[in-house]
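Reviewing the structure listed below.
All of the numbers you see were taken from the coordinates with simple rules; none came from a lab. In this text the structure is predicted, and so the values were computed from the model without any measurement. Every residue, glycine as well, gets a Cβ built from its backbone with ideal geometry; the counts of neighbours run over all protein chains shown.
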């Protein structure tokens, strides 16, 4: 499997992006959902590659990062913070 994070991506690669929804924004907030959809379209158009957004609530992040699922193992090992705090620094603001 090729990876943008490892610098192995090519023209056919997709970009997987984890977005942490702030604790004060409800999971079914329509404005938030529209912003995420718009970001997805803008990134796909700009990069020329498909973008897969995985949204996780701030309150759920710590549990997810401790998961044994391959996806979360990969995120822990290879994920790159593009904006905001590194996951290990988020613990204090997610409670």
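Taking 35 Å as R0, compute the FRET efficiency from the Cβ-Cβ separation of residue 38 and residue 71 and round it to 0.05.
Given R0 = 35 Å and the Cβ-Cβ separation, E is 0.90.
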>> What distance in nm separates the two pseudo spin-label positions at residue 45 and residue 80, each 7 Å out from Cα along the beta-carbon direction?
In response: 2.4
